[in-house]
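Read-outs: derived from the displayed coordinates by stated rules, not from any lab. This structure is a prediction, so every number in the text was calculated from the model and none was measured. Note that we place each Cβ from the backbone using ideal geometry, even for glycine, and neighbour counts take in every protein chain shown.
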Amino acid sequence: MSAARPKPGLPAGLPHPRAVLFDWDNTLVDNWATITMALNATFDAFSLPTWTLAETKARARASVRERFPAMFGPDWERARDIFYGAFREKHLEGLSALPGANELLAGLKERGLYLGVVSNKHGPFLRDEAAHLGWTGHFGGIVGAADCPQDKPACDPVERALEPSGLQRGPAVWFVGDADIDMECAYNAGCTGILLHAETAEAAADFRQRPALHLKDCRALLALLAEA
């Protein structure tokens, strides 16, 4: 698929998107307190040191099936079950949309862009959260951990999220996220990586794959595309 020519309002060299794929946690929603609680319940069960909220935000990027074997060794499946059990009880209660996220999704949908989600949150939890927020109808594909043979940053979930659109991965697909793993996924899929949220600006200098653009929040992304 060839990239569309940039339209006025976009930085030079940035292709106008035909589709926008979003990471979930810390990109569109805040659920870190519940994730931290579930991780610490798991750590307590194994007599391991617990994490602060800041440590969770910095470390919890890979999916459970990718991260837990290294953390818990042969007991990783028991650890997974403890984590999922604790998280399941509270994840909707602790969920909130980030400022501007509702307006962003509605605005991009109105502009005819195809929207999807690619997250390393467990797929059923992810789709429950989208439904809880009333967002399911915004997205053509909502793909989480264990929905594909490989999780983000592999290309599999990007391709799955794009399937209903008939679009192929490429520069005209923007991948919007807050972390290095999102930019790596964008690179692996040949998409345009857009880094969101102000607190990641300094960290981005150390990313293995740099974003094509850095924006401070959801409202900044909507404003950019409103002018395009």
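Rounding to the nearest 10 and keeping the result within 0 to 90°, find how far the Cα-based axis of helix 218-227 lies from the longest principal axis of the chain. Helix 218-227 and the main axis of the chain meet at about 10 degrees.
Neighbours of Cys185, meaning other residues whose beta-carbon lies under 15 angstrom from its beta-carbon, give a summed charge of -4 when Lys and Arg score +1 and Asp and Glu score -1. The GluC sites (Glu not before Pro) found in region 1-102 that occupy coil by DSSP, while having at most 15 further C-beta atoms within 10 Å, are Glu93. When you restrict to C-alpha pairs under 8 Å that are six or more residues apart and normalise by the size of region 123-228, the relative contact order lands at 17 percent. From the mean inverse distance of alpha carbon pairs (Kirkwood) and the Cα radius of gyration, derive Rg over Rh for the chain. With Rh from the inverse mean 1/r over Cα pairs, Rg/Rh is 0.97. Relative to the longest principal axis of the Cα atoms of the chain, helix 123-132 runs at roughly 70 degrees.
For a straight C-alpha distance cut-off of 19 angstrom, the lysines reachable from Lys216 (same-chain residues fewer than eight places away being disregarded) are Lys57. Using the rule -39500 (n - 2.57) for each DSSP H run of four or more residues, divided by the residues of the chain, the 222 nm mean residue ellipticity is -12000 deg cm²/dmol.
Under 8 Å for C-alpha pairs, at least 6 residues apart: give me the relative contact order for region 32-90, rounded to a whole percent.
Once divided by the residue count of region 32-90, the mean separation gives 44 percent.
Full extension of the chain between Lys216 and Arg111 yields a length gain of 35.7 nm, computed as 0.36 nm times the residue separation minus the alpha carbon distance. Short-range pairs are left out: with C-alpha atoms under 8 Å and at least six residues apart, the relative contact order of the chain is 25 percent. Going from the residue with the fewest nearby Cβ atoms within 10 Å to the one with the most, Ser119, Ser47, Ser96, Ser63 rank Ser47, Ser96, Ser63, Ser119.
Are there GluC sites (Glu not before Pro) in region 130-228 that DSSP marks as loop and that have at most 13 other Cβ atoms within 10 Å, and which are they?
Listed in order of number, the matching sites are Glu202.
Potential lengthening of the chain between Leu224 and Ala58 amounts to 57.0 nm, from the contour at 0.36 nm per residue minus the alpha-carbon distance. Once the chain from Phe46 to Ala154 is taken as fully extended at 0.36 nm per residue, the excess over their C-alpha distance is 35.9 nm.
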